[in-house]
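S.K.: Take a look at the following structure, please.
The values are calculated or read from the model by the stated rules, or taken from the named source; none is laboratory data. Small disclaimer: the values here were computed from a predicted structure and weren't measured. Cβ coordinates were reconstructed from backbone atoms using ideal geometry, including for glycine residues, and neighbour counts include every protein chain displayed.
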Amino acid sequence: MVLGKSDISAVAKIKSPSFFYGYAIIAAGFFIQAVAWGTSNSFGVFFDSLINEFGWSRATISGAASLCFLVHGVSSIFLGNLNDRFGPRIIMSACGFFLGLGLFLMTTVNSPWQLYLFYGLIAGIGLGGMDVIPLSTVTRWFEKKRGMMSGIIKVGTGVGMFIMPFFITWLLKGYGWRTSFAVLSVIIMISIICLAQFLVRNPIQKAQFIDNTKHLASVNSNTSEQGLTFKEAVRTRQLWTVCAIYFIILICVYTILIHIVQHAIDLGIPVSTAAGILAIVGGVSISGRFLMGGAGDRIGEKSALVICLLTLLTALVWLQAVKPLWMFYVFATIYGFAHGGFFSLVSPLIARLFGTKSHGILFGMVIFCSTVGGAIGPFVAGYIFDITHSYKMVFLILAVLCIIALALTASLTPLLREKSL
């Protein structure tokens, strides 16, 4: 859509501000990611406590985590659509409430059905907005450095993954798992609801311009989001290819996040030390999120994604032989870089292929497909372990899946309808 002279004249009256509010969006998204994903990705730290108290199998506990990821994916579609229509503030506040409520109810768990209801369903609904809302919002505030800014937000997840395993381990040792869930619920509910108030859908609502520039192109894009509609995008091969790629990636990612601590404990590594493996993944992922987000701006998201997948494959091959602690640390370092890059690239990749007109719902679709993988992976891994009493077959399957994802990424081509973008 091209603006008329009167429209351009009206928007041109907006004065360039001394502070670009887009950076407030980045800061709010960063801390939302740190609190929400830092906690969620540390759920594996609770495995030992739940097993010791209830005697549940790993498949049972993994199933709750899998349901949480699946519900997160389903709700992401609806939350992304609501974000496109109504903006992020109220939707993110509701997500913070549900996530905090689910964790608070975990303090009353005594049976598997409660575990699945409170963590799998209620917390999963809240978790559904933690990616799609801030990342979809930032694509509307930045264009030239969209990948880097998305990467900075996702650095928050890495910071959370670095801090939260140690914090949760400290809580578990001093106060037990029920009190730990209560503390986490209060932190999440208060912080996310407060941070949500800083989110604004697009620059025009703050009388500002995309990328904080003011020229004809930015005026046009500022007042009219461009790209394919949802109906147009779902007819493209590219959308389903991206969905398949991230379906596989999330199988690998969440299987590792949920089971790597328990795998280390099985090999004789103390619980507190094993939790440090997740912390290293989170810490190293910070560099992956930032560097690969910026690399996507320079070399394209497809090339950056290939680099991340090759790094993941290297880590999975190394994992076949991991036994002593130092080998776990090497694995965590290699894997952590790829882990960070995956989550920085997906939102800019969708924006590059399909534009921002329906970015929220399209991003929600990719999240849904990927979290189906995230739901399947940990549960199947737990089931395979219960049968074989080993993770060797699990890690081999993940390596094969990674190769398939590489082939799919190589086949990803630009849309022929770039003129629509």
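S.K.: Condition (residue is farther than 17 Å from Ile367 by Cβ, touching a Phe, Trp or Tyr at 6+ places or on another chain (Cβ under 7 Å) and in contact (Cβ under 8 Å) with a residue 40 or more places away in the chain) applied to the stretch 112-126: is it met by at least one residue?
M.R.: Yes: one or more hits.
S.K.: Right, something else. How about the stretch 25-80: which of its residues are in contact (Cβ under 8 Å) with a residue 60 or more places away in the chain, more than 24 Å from Ile163 (Cα to Cα), surrounded by 19 or more Cβ atoms within 10 Å (Cβ to Cβ) and of a type outside the set (A, V, I, L, M, F, W, C)?
M.R.: Once the filter is applied, which keeps residues that are in contact (Cβ under 8 Å) with a residue 60 or more places away in the chain, more than 24 Å from Ile163 (Cα to Cα), surrounded by 19 or more Cβ atoms within 10 Å (Cβ to Cβ) and of a type outside the set (A, V, I, L, M, F, W, C), the stretch 25-80 yields Arg58, Gly63, Gly73, Ser76, Gly80.
S.K.: Name the one entry in Thr371, Thr333 that is in a helix (DSSP H, G or I), among the hydroxyl-bearing types (Ser, Thr, Tyr), out of contact with any His (no Cβ under 9 Å at 6 or more places or on another chain) and closer than 22 Å to Arg289 by Cα.
M.R.: Result of the check over Thr371, Thr333: Thr333.
S.K.: Taking the stretch 60-97 on its own, how many of its residues are of a type in the set (Lys, Arg) and at pLDDT below 85?
M.R.: 1
S.K.: Report, ordered by the first and then the second residue, all pairs with beta carbons closer than 9 Å, sequence separation of six or more or different chains, a first member in the stretch 315-330 that is without any contact (Cβ under 8 Å) to a residue 40 or more places away in the chain and in a helix (DSSP H, G or I), and a second member that is crowded, with 21+ Cβ neighbours inside 10 Å and among the small types (Gly, Ala, Ser).
M.R.: Cβ pairs passing all conditions: Ala315/Ala332; Ala315/Gly336; Ala315/Ala338; Val330/Ala315.
S.K.: In the set Leu172, Leu135, which member is crowded, with 24+ Cβ neighbours inside 10 Å and not β-branched (Val, Ile, Thr)?
M.R.: Among Leu172, Leu135, only Leu135 is crowded, with 24+ Cβ neighbours inside 10 Å and not β-branched (Val, Ile, Thr).
S.K.: Which residue pairs have Cβ atoms under 7 Å apart, sit 6 or more places apart or on different chains, and have a first residue in the stretch 270-296 that is at pLDDT 85 or above and a second that is not in a helix (DSSP H, G or I)?
M.R.: Every condition considered, no pair remains.
S.K.: Further, regarding this structure: Of the residues Leu408, Leu353, Leu349, Leu345, which is aliphatic (A, V, I, L, M) and either over 21 Å from the mean Cα position of the chain (by Cα) or surrounded by fewer than 24 Cβ atoms within 10 Å (Cβ to Cβ) (or both)?
M.R.: After ruling out the rest, the residue left standing is Leu408.
S.K.: Identify all residues within the stretch 252-272 that are under 16 Å from Met164 (Cβ atoms) and β-branched (Val, Ile, Thr); write none if there are none.
M.R.: If the condition is that a residue be under 16 Å from Met164 (Cβ atoms) and β-branched (Val, Ile, Thr), then Ile258, Ile260, Val261, Val271 are the ones that fit.
S.K.: For Ser287, indicate whether it is part of a helix (DSSP H, G or I), of a type in the set (S, T, N, Q) and more than 27 Å from Ile404 (Cβ to Cβ).
M.R.: When the stated conditions are applied, Ser287 does not pass them.
S.K.: In the set Ile376, Ile367, which member is surrounded by fewer than 24 Cβ atoms within 10 Å (Cβ to Cβ), out of contact with any Pro (no Cβ under 6 Å at 6 or more places or on another chain), hydrophobic (A, V, I, L, M, F, W, C) and touching a residue at least 60 places away in the same chain (Cβ under 8 Å)?
M.R.: Matching residue, one of Ile376, Ile367: Ile376.
S.K.: Got a number for residues in the stretch 250-297 being within 21 Å of Gly377 (Cα to Cα), surrounded by fewer than 24 Cβ atoms within 10 Å (Cβ to Cβ) and polar (S, T, N, Q)?
M.R.: The total comes to 1.
S.K.: Failed condition for Phe230, given (1) within 28 Å of Ser40 (Cβ to Cβ); (2) at pLDDT 85 or above, with all others met?
M.R.: The number of the failed condition is (2).
S.K.: Report yes if Lys154 is crowded, with 17+ Cβ neighbours inside 10 Å, among the basic types (Lys, Arg) and in contact (Cβ under 8 Å) with a residue 60 or more places away in the chain, otherwise no.
M.R.: Judged against the criteria, Lys154 is a match.
S.K.: Hey, another quick one. Within the stretch 197-204, is even one residue part of a helix (DSSP H, G or I) and at pLDDT 90 or above?
M.R.: No, there is no match, as no residue in the stretch 197-204 is part of a helix (DSSP H, G or I) and at pLDDT 90 or above.
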